[in-house]
Structure formats: structure tokens, C-alpha cells
1. Quick check on A329: is it over 19 Å from T190 (Cα atoms), among the hydrophobic types (A, V, I, L, M, F, W, C), modelled with pLDDT of 90 or more and open to solvent by less than 40 Å² (accessible area, probe 1.4 Å)?
2. Of everything in segment 312-353, what is within 30 Å of P180 (Cα to Cα) and among the hydroxyl-bearing types (S, T, Y)? Give them in sequence order.
3. State all residues of segment 349-364 that are more than 21 Å from L234 (Cβ to Cβ), part of a helix (DSSP H, G or I) and open to solvent by less than 40 Å² (accessible area, probe 1.4 Å); if no residue qualifies, say none.
4. What single numbered condition from (1) buried (at least 19 other Cβ atoms within 10 Å of the Cβ); (2) touching a residue at least 24 places away in the same chain (Cβ under 8 Å); (3) over 23 Å from the mean Cα position of the chain (by Cα) fails to hold for S140?
5. Could you run through segment 302-325 and say how many residues are assigned to a helix (DSSP H, G or I) and touching a helix residue (DSSP H, G or I) at 6+ places or on another chain (Cβ under 8 Å)?
6. Among the listed residues V241, V259, which satisfies the condition of being β-branched (V, I, T) and at pLDDT below 90?
7. Can you pull out every residue in segment 328-363 that is more than 14 Å from K210 (Cα to Cα) and small (G, A, S)?
8. Which of the residues belonging to segment 169-217 are in contact with a helix residue (DSSP H, G or I) (Cβ under 8 Å, 6 or more places away or on another chain) and polar (S, T, N, Q)?
Amino acid sequence: AYGLTADAEIWPVAWAGVAALIFRAFLMVDLENTRAACLVGRFTLLEGTQYALSVFFGVVFIWWLGLRSAAPLWGVALANLLMVVAGIRFMMKRAGRFAPRKETLSAMARYGVPLSLTMALELVIAVSDRFFIGWFMDESAVGVYAVGYALADRPLGILFTWVGMAVMPLAFAAMEREGPEAASDVIRGTAESLILIALPAAVGLAVVAKPLVAVLAGEAFRETAAQLIPWIALSGLMHGVMVHFAAMPFALVKRNGLVFWTTAAAAVLNVVLNVVLIPRYGLMGAVAATVASYILGAGLCVGIGARLIPLTIPWGSLFKGIAASACMAAGVIMADLPASALGLGAGIGLGMVIFAVCAYALNLSNGRDKVHSALSRLRA
């Protein structure tokens, strides 16, 4: 209800939020079934279409129907509903194969309840700072902070979801067929993929922050959002490392209760740091609290998870990835591109080219070897 000027406006927003959550819950069932079936293309299509339709319907509801504050949430609700309807046939086929016994349901509860509680704690880390900002600062600051998060955190979340979708089924299969060592190899491959994809994406978001907010944010939000985006990108990167790399061993050995406690420690730290830092440093204090919380969570997961399944951090690839990302950042910064749509497009293109050249030269994550192997197969 932040930003609302009258109590009467709260209820339309609340009802819209309830509708969005209900339809999102049904869509999540479809998405998780899609994830379990390893249908990466279908998952991407559903999520991507839902995001695009949410924005489209939100704009339509604001401009033509005058729904005001509730419009974005009604847009999300309608987009989720359409995706649920589009997936009914797939879900009916999956439901026909589901005939659980009491023992199966009990095992699912033991595995799933800690995960659900962990997700609730992740929500505390992700959104509690908005409430503290509204409490210690004002409602307009919440809006500025939310804009920065929407621009920086969500793109990284999508990338991590793609990697996680591709890797988790492989890790479970390796664990069941060949044991912990094989699963450890898959987890190491996950780290290589994150270094190759997520690391440069986070650095890229940081260096194109000004043209990004100039194109996608209102003038009142731009200056502060541009300052926040690099730090939000770092927090998104650490969150992804925590969930899609460091926490993988817990899921593979069915010890989700342990990841709950690591996330609980991160959530407690987040609340404490928000209370301490926001009154002193404002929005930068809030984002610093989030970064510190995810670093703690990732560190605890690595320390504990390595005792369950061997975790090998590819230090060589990590240093190469940092070097390639640094070269990319330096090149984009020196180009001094304008804060416009043209500057944004040029910055993204230039950054991709520089990173690709550096990654090829350094053979990052064995990318050069894979390119040569693919070319050899084509020639053959």
C-alpha cells in the first residue's frame, strides 16, 4: 500500500494482489511440472510471455481503464490466468500420471516443507527492506528502490532460473546413477556456467545503469536508481550463487532442513542490518544489508554443503571470468555512451563483443575448445 494517498485505494490493490497471487500459484504448479520434465524451452516461453503480458496489460489498464494503483497487479493477474489456461492441456496429462500413496506424500512433505519455509525466509530477505525503508524514510523512497530492483534483479533472476532448470535434473540423475562424485562434477559445471553467463550479466547491468534507467525509468527515479543498480546486481549475483550453486548439495542428499537454517541466519542478518544501516545511509544501507545477507548465506551453504557433497570452486575460471568482465566494463565505461536508447543498445553490444573476445582468448570455461570442437563437427 506504499504510495497510496487514500485508504479507499488500498482495497482495490489488495484484491488485485490476491488475484495475482492465486493465479500465480496455479501457474507455478505448471512451471514446476515443466521444470521436472526438463522442458527448458516451454518454461522460458511461459515465464517470458507472462512477464511481457503483465507489463502490456498493466499499461492498458492504466491508460484506458483508469484502474490507477491496482492496474499493474491486475495486469499480472490476467497474464498469469492466460498462462494457466494455455497450460491446462499439459497439466491434465501430467495429472493423469500422478497417483501418490501415503508414503509418497509423507516423503514429499519431509522434502518440501523445509523448502517452502526456506522460500518464505528468502522472501524476508528480498522484500523486508521495503518496509524498513518506508518506516525509516518515506514512501517515495520505496518507489525509487523498487525501480532499481525491477531493472537489475529480475533479469539476473531469469538467467539463474535457466541455468538451474538445465542443471538440477542432471545433478539428480548423476546422484542416483553414479553417486556424489558424479553429482559434484555437475555442480562444478554449474559454477562454470554461472561464471560464463551470470557474472558478465551482473557486471554489464552495472556499467549500463545510466542508459538503462534513462530508457526504462521515470525522470524522478533515474539518478538514485542508477546508483543502486550496480549494488543490486551484486546482490542478485550472490543470491543466484547461493541458490543455484551453494545450496545444491542439500537438495541432492535430501537435507533441506540445513539450507533452511542457513537462510534463516541470512534473514536475521538482513533484518538487523536494515535497522542499523537504513537510518544512517538510506537506500544504500538497504542494498548493503541485502548484499551482506546473501554473502553470508552463500558462505554458510558452501561450508556446510561441502561436507555433504564435494564442492569444487573452479578458481581458474573464476579469475578468468573476473578479468574478462573487468575488460568489458572498462571498454564500455571508456566509450562514454549517451544515456539514451541508442547508448543502451550500443553499450550492450559493445560489452558482449569485448567479453566474447576476452573469453575466447582466455578459453573461459573451456569455451574456445568447445567452439573448435563444434566447428570440427560441422566440417566433418
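1. So A329 fits the description; yes.
2. T312, S317
3. Listed by number, the list holds a single entry, G349.
4. (1)
5. The qualifying residues number 11.
6. V259
7. A330, G331, G349, G351, A356, A359, A361
8. T190, S193
The values are calculated or read from the model by the stated rules, or taken from the named source; none is laboratory data. What you see is a predicted model, and the numbers here were worked out from it, not measured in a lab. A quick note on method: Cβ atoms are made from the backbone with ideal geometry, for glycine too, and the neighbour counts reach across all protein chains shown. Please note that ligands, DNA and RNA were not included when accessible areas were found on the heavy atoms of the full protein model with its side chains. Shrake-Rupley method; radii C 1.70, N 1.55, O 1.52, S 1.80 Å.
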